[in-house]
Every structure is written in structure tokens, then in C-alpha cells.
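Written out below as C-alpha cells is the structure these notes cover.
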Amino acid sequence: MSWIRESELTIIERFCANIIKAGPMPKHVAFIMDGNRRYAQKCHVERQQGHSQGFDKLAQTLRWCLNLGIREVTVYAFSIENFKRSKEEVDGLMDLARQKFSRLLEEQENLKKHGVCIRVLGDLPLLPLDIQELIAQAVLATKNYNKCFLNVCFAYTSRHEISNAVREMAWGVEQGLLEPSDVSESLLDKCLYTNNSPDPDLLIRTSGEVRLSDFLLWQVKIFCFLLE
Amino acid sequence: RQRWRSDGRALQKLPVHMGLVVTEEEPSYADMASLVVWCMAVGISYVSVYDHNGIFKRNNARLMDEILKQQQELLGLDCSKYTMEFANQEKADQALKFELWHKALTPKILHPSLEMCMLGKTAALLLVKGLQCDDSVGREDVNFLEIPSFSTNGFPDPDLVLKFGPVDSTLGFLPWHIRLTEIM
């Protein structure tokens, strides 16, 4: 399954899109993609299938965003906390990641056509080496595209991101690159993984949970919890 | 009043720390006071009150008066059973200190204190100072929860935040601590 589905929108989808586009639009939307396992249980399929279908829905959502002119999307794909899940599930998710990042590399033409810049945010050294390499290739291959931006949070938690940023600032002062008076809220913004992106205007969480679950705690302004 | 207590007992789970976040431009002291009194009656131990303009903080005496008044009105004869400890954080240079008022039992009320800039700047400065003083402390070793501005002085992370007003945002309320907080 491709990252950006090429199929045309249906008449209803186009109609709704036109209505939505008539009003103010967010420039950056963040998604917490939750509920894959519950969905799998509901449909009586394997968890892995739930995750796979979750990815398909992501691809469809990216297509909608592209069509609506939302230029930046950030998704919470895998939390550092998720490493605590069973080995079977984590291995399954890593395999899914291998599959999808490899597929991404095959879709260079498509990414070039839409000008999609891929960024992957998180504590990447925690990931298997081969996945780190795939990610590096995807990020390098698309780094000069700038029509739209997809940020995938993988091996990510917001607390890790914030603490990492604070450590960077401390290092800067230690090294004499910064004065203590340079340390500020806006400098912290610049040290976060998301420093190249504006803050999300809207955060959407699927599945009905009403928590941020350690996602973009510093950056998120407006959130919307979609009820089941 | 008795109903409040039994309501509290009837719940399977009670939040230990409840956050009350107001996004209205002109928050209502009476409404906030009655909410705080309800929290007390139902058995919630820690309550945080926050509005992003800092109105409650600046006028905390007025809020406290209103709370005491409502405590008497709503809890009546029972009101002496419920006492309150008020924790007020003051920004003082790069250290945070608390003033305790009405020293008594729980619930503790934390006023809007950890604004984002304070959180970020103070934490970073303290970390930097700490590192400058002690070369043996590696950057990786620092436990963020020990940094005063990250610590809410004994308050656990909020379990639940009730948000009031038109804005779908917590507007900078304890960004570090609401990692797992349910927001309604």
C-alpha cells in the first residue's frame, strides 16, 4: 500500500472538501493514530492486521490533507513506551516499518511529484539499525522538497524531546557557544525535533481516548478528541 | 452534601490531582469556588486552578475568600471537617519558593504557577547552573523531576483536567505534567 493514495476523491469527498476549504484552514495538523488493536479486536482480525489497516487509513488521510491544502502533517506512529509491548507485537511493528519505509523509497517519483519532505522525529538510536538506515535514506532523499511536509514521530515521546532540547541548551552554555541569558522559551523551541515546523494548529486523536499521551506537549495548541 | 460524599464513594476511581483550566477571558470566581468545594467534598486531594491570563493568581485572595464562603454555604455544619492548604508559587530569580497559607489538611490548591516560559527558562537555567557547579554530573544524568520548576512540590501529575470555556486547548497548563492526563 502506497503512502499517498493516488485515487481520485469521490464526489461526496470533493463536495465536503470544497465546503471546508471555504473557511480558515489549519496549516499543520497532528494525528495520534490510536485504536489499531481495538479495531482489530472489533473486526476479529490479528493485531498486525489492525496496524496494517491503520497505515492504510493514514495514507488516505494524507491524501485528504494534500487535497485540502494542509501543508504539514505530523503523525505519532510509535512511542518509546510502545517498546514495552510484547516482543511479538514490537517485532511486527518493526516489520511493518521496514515494509513501509522501503516502499517509501520506491515511491521517489510520487514524492517528488508532490514535493513531500519526510522527517522522522524521535530517539532513532533505539531502533534496529536497518530501520535507521531506511529512515536516513528516506529523509535524505526528500530533504529538498518543500511543497508539503510529513513528520513521522517514531520512537518518540514529548518528554524525551523536551529533555533533549534542554540538554542541548545546557551543552551550548557549557561549551561557551551560548550565554546563560540566551536560554529562553524560544531557544527551547529551536532545540526541539520540531524546530523546522510551525506549531500544529490542530491535533486529532482517533479511538476515543482523551489524552495527549506524551505527544507534542510543548507544541500543541488546539486539540480535538474524536469520539468513537 | 451527603449526596456529594456518597457520589464520591460511588465512583470506581477518583482523581488524586484534578486540574481546573479556564479558557474564558473573564473567569467566574463563584463558579471556580464551588468547583473547588465540590472537589473537597467528594474527596479529591489536590486541585490546580489555572487560567492563562493569570487572573486567579493575581487575585488569589478574592478566590480564597469566595472558596471559604462557599465552603460554609455548601458544606454547612460539615465545613470544619474540610480544610485546605494553599500552595502559592512565587517566581523569585531562578528559584521557586512556596508560601503556605491556612496550614491544614488536604486538599492543596496550586495556583497558576508553571507558565510555559517559567518552565522552560527556569528549568534550563537551573540545569545549566547545576552542570556548571558540578563537572561530575553528566548531561545524561540529570533527573528532570528534581528540578524545582518541573516539580510541583509534592503534587502528583494531574489525572484529570476539566477545561472550561470556548478554546479547545489547555493554553500552557503544566505542559510537562499532563503527559497522561485525561482532558475533558
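Structure note, pairs A:Lys42/A:Lys147; A:Lys27/A:Lys57; A:Lys21/A:Lys113; A:Lys21/B:Lys57; A:Lys147/A:Lys190; A:Lys87/B:Lys163: Cα-Cα distances above 30 angstrom occur for A:Lys42/A:Lys147; A:Lys21/B:Lys57; A:Lys87/B:Lys163.
Taking the C-alpha atoms only, the angle from helix A:11-21 to the longest principal axis of chain A is near 30 degrees. With the highest mean first, a sort of the peptides A:128-140, A:25-37, A:147-159 on other beta-carbon atoms found within 10 angstrom per residue produces A:147-159, A:25-37, A:128-140. Put simply, what bits of the stretch A:168-187 lose 20 Å² or more of accessible area when the other protein chains are there, versus the chain on its own (1.4 Å probe)? Buried by 20 Å² or more upon assembly, which counts only protein chains, are A:Ala170, A:Trp171, A:Val173, A:Glu174, A:Pro180, A:Val183, A:Glu185.
For the stretch A:54-132, the normalised intensity computed at q = 0.17 Å⁻¹ comes to -0.81 (log10 of I(q)/I(0), Debye sum over alpha carbons, equal scatterers, no solvent).
Entry note, chain A: the mean residue ellipticity at 222 nm calculated from DSSP H runs of n ≥ 4, each adding -39500 (n - 2.57), is -14500 deg cm²/dmol after division by the residues and rounding to the nearest 500.
Compute the Cα gyration tensor for the stretch A:113-228, then decide on rounded, prolate or oblate, letting a ≥ b ≥ c be the square roots of its eigenvalues: rounded whenever a/c is under 1.5, prolate when a/b is larger than b/c in the other cases, and oblate in all that remain.
oblate
With the alpha-carbon atoms of the stretch A:162-207 aligned to their principal axes, the span from lowest to highest coordinate is 46, 17, 14 Å, starting with the largest. Legend: mean number of C-beta atoms from other chains within 10 angstrom of residue C-beta atoms, peptide A:209-220, equals 4.
At a probe radius of 1.4 angstrom, the accessible area of the stretch A:39-194 per residue rounds to 48 square angstrom.
Only Cα sites of chain A enter the Debye sum here, all with the same form factor; the resulting log10 I(q)/I(0) across q = 0.09, 0.12, 0.15, 0.18 1/Å is -0.40, -0.71, -1.11, -1.56, listed in q order.
The values are calculated or read from the model by the stated rules, or taken from the named source; none is laboratory data. Quantities reported herein were computed from a predicted structural model and do not represent experimental measurements. With ideal geometry, Cβ positions are generated from the backbone for all residues, glycine too; neighbour counts draw on all protein chains shown. Protein only, heavy atoms only, side chains kept; ligands, DNA and RNA dropped before computing areas. Shrake-Rupley method; radii C 1.70, N 1.55, O 1.52, S 1.80 Å.
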